[in-house]
């Protein structure tokens, strides 16, 4: 759902999965996984986004599991653990 520059959401339609709320800065997906980067809303509004303002999520579509919020390092580790296609990696 896109409501403007810093008001983007991912509606998570899985059991016990919370929606990923503002501000979703980027996402990628395939038939198995959705990867999401969420940034701090104030940083988004001020165009001052840095690594510590980012949280990451992985949605396993087939198993209906939401992983996150994750730091950049934990996100990378989880992607490797789940053997997610490298095309879905985010920065």
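Length gain on complete extension for the stretch residue 21 to residue 82, per 0.36 nm per residue less the alpha carbon to alpha carbon distance?
Additional length available on full extension: 19.6 nm.
Which order do 61, 12, 39 fall in if you start with the one that has the fewest other Cβ atoms within 10 Å? All intermediate terms of the calculation are to be shown ahead of the outcome.
Numbers: 61 13, 12 17, 39 20.
Ordered by Cβ neighbours within 10 Å, fewest first: 61, 12, 39.
Each value in this text was obtained by applying a stated rule to the coordinates, not by laboratory testing. Model, not experiment: these values are computed from the prediction. Cβ coordinates were reconstructed from backbone atoms using ideal geometry, including for glycine residues, and neighbour counts include every protein chain displayed.
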